[in-house]
Amino acid sequence: MTSGYGYEDTDTAPLGLVTDESDPTESLIVAEGIGVRASWGHIYGPTSLRVREGGVTVLAGSGGRGRTALLLTLAGRMRPTSGKLTAFGRTGDANHLFSRAAIADVDEVDGIEQTIRVSDVLTEQMRWAAPWYTWVRPARAADLERHCRAVFGDLELPPMSAYVEELPELTAALFRIAMANLRRPPLLVVGGIDRMARDENTTILLDRLIDLGRSQTVVTADVNGAKGAGAVRDVIQVENLTDAEFVKLEEEDRI
C-alpha cells in the first residue's frame, strides 16, 4: 500500500525501497499532488513526495519526459501547474527554490557543446559564477582541481585540453555535475543515474553522489530505484509519470 507521500508501507515494501517515517519538520521539499500540464497535454502528475534534508534521495520511476520534468520542478526550473510544492520553508515560490538549487546532467538544462575543450567550459562557468564586475582569467589546472575534486573524489580528472565529446561517459557525467555545482548550493538535482550505459559506472556515480550528500541534499532518479544502495537515504517510488503509462501500453501491445 502506498502512503500519501508516495512511499510504500514497510510491511509490503520491495527490496531497495526505503520508507521515510521521519518528522516532516526536517523535510526540505514537500510535494503534494503536483503535476505539470503543457499546452499540448499532460506531462506528469499528480505526484506526492517528501525529500528529507541531507543525503541522497533516489526517485524510482520510468525515465523520459515526465521524470525529467519532475526533476526540473524539484530544482525550481519548472513551475507545477497543479498541486502544492513547499521547499526551503516557502510554498509556491519557484524563484526561491531556483536560487538554492543546482541541476546537472540534464540535457534540457546543462547540455555542453561537444566540440569544446574542458578548459573553455570551466572558464565559462567560473565567469558565470563570479560577480558581474569581476574579471576572471582563463582557467588553469589548479582551478580544475579546486572545482572538480569534490565531485570526482579519487577518480582522475579530465585533461584540460580534452574535448568534451572525447570524455568517457562517467568522466563526462561527473564533469557536468561539477560545472553545475560550482557554487555548492544546498540542493543538487542530478539527472537519472540510469543514463549510464555500464552498470559499474552507475554504481560509481551513485557513490560519488553519496559523498556529495554529506554536505548537500542530493536528488536523482533511477528506473530500478538503485536497489542495494545501502547508503542512500531514501528511495521514493514515483507514480504518474506520463512515460510510464506509455510503457505499460507498449507492453500490452506486445502480449
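The values are calculated or read from the model by the stated rules, or taken from the named source; none is laboratory data. Note that this is a predicted model, so its numbers are computed, not measured. For neighbour counting, all protein chains shown are included, and Cβ atoms are generated from backbone atoms with ideal geometry for every residue, glycine included.
Residues are listed down the side, and each one gets a yes or a no for (1) modelled with pLDDT under 90; (2) over 13 Å from the mean Cα position of the chain (by Cα):
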| position | (1), (2) |
| --- | --- |
| LEU155 | no, yes |
| ALA162 | no, yes |
| ILE177 | no, no |
| ASN181 | no, no |
| LEU188 | no, no |
| ILE204 | no, yes |
| GLN216 | no, no |
| GLY230 | yes, yes |
| LEU241 | yes, yes |
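Return the residues of region 136-153 that are farther than 12 Å from VAL121 by Cα, modelled with pLDDT under 95 and of a type in the set (Gly, Ala, Ser); say none if nothing qualifies.
Within region 136-153, none qualify.
What do you reckon, is LEU187 surrounded by fewer than 20 Cβ atoms within 10 Å (Cβ to Cβ), under 23 Å from ALA231 (Cα atoms) and not small (Gly, Ala, Ser)?
no
With the structure loaded, tell me whether GLY192 is assigned by TED's automatic domain parsing to the domain that holds VAL56 and under 30 Å from ARG52 (Cα atoms) or whether it fails that test. Steps first, please.
Details: assigned by TED's automatic domain parsing to the domain that holds VAL56: yes; under 30 Å from ARG52 (Cα atoms): yes.
Spelling it out, GLY192 is indeed assigned by TED's automatic domain parsing to the domain that holds VAL56 and under 30 Å from ARG52 (Cα atoms).
If I filter region 129-140 down to residues being surrounded by 12 or more Cβ atoms within 10 Å (Cβ to Cβ), closer than 19 Å to ASN181 by Cβ and free of Cβ contacts under 8 Å to residues at least 24 places away in the same chain, which single residue comes out as nearest to the chain's Cα centre (by Cα)?
Among those that are surrounded by 12 or more Cβ atoms within 10 Å (Cβ to Cβ), closer than 19 Å to ASN181 by Cβ and free of Cβ contacts under 8 Å to residues at least 24 places away in the same chain, it is ALA130.
What helices (runs of 4 or more DSSP H), lying completely within region 53-127, carry at least 1 residues that are within 14 Å of the chain's Cα centre (by Cα) and either among the hydroxyl-bearing types (Ser, Thr, Tyr) or over 29 Å from ARG149 (Cα atoms) (or both)? Reasoning before the result, please.
Values: elements: 65-74, 94-98, 107-110.
Those helices (runs of 4 or more DSSP H) span 65-74.
Can you go through LEU212, LEU170 and tell me which one is modelled with pLDDT of 95 or more, crowded, with 17+ Cβ neighbours inside 10 Å and over 29 Å from HIS96 (Cβ atoms)?
Being modelled with pLDDT of 95 or more, crowded, with 17+ Cβ neighbours inside 10 Å and over 29 Å from HIS96 (Cβ atoms) holds for just one of LEU212, LEU170, which is LEU170.
Of all residues in region 141-171, count the ones that are in contact (Cβ under 8 Å) with a residue 60 or more places away in the chain and among the small types (Gly, Ala, Ser).
Within region 141-171, the first condition is being in contact (Cβ under 8 Å) with a residue 60 or more places away in the chain, and the residues that meet it are 150-151.
Okay, now just the ones that are also among the small types (Gly, Ala, Ser), so 150.
Going through region 141-171 one residue at a time, the tally reaches 1.
Determine, yes or no, whether ALA102 is modelled with pLDDT of 95 or more, out of contact with any Gly (no Cβ under 7 Å at 6 or more places or on another chain) and buried (at least 17 other Cβ atoms within 10 Å of the Cβ).
Yes, satisfied.
Evaluate the following for TYR133: is it more than 28 Å from ALA221 (Cα to Cα) and modelled with pLDDT under 95?
Yes, satisfied.
Go through (1) in the same structural domain as GLY76 (by TED's automatic domain parsing); (2) in contact (Cβ under 8 Å) with a residue 12 or more places away in the chain for GLU200 and report which single condition fails.
With respect to (1) in the same structural domain as GLY76 (by TED's automatic domain parsing); (2) in contact (Cβ under 8 Å) with a residue 12 or more places away in the chain, GLU200 is out only on (2).
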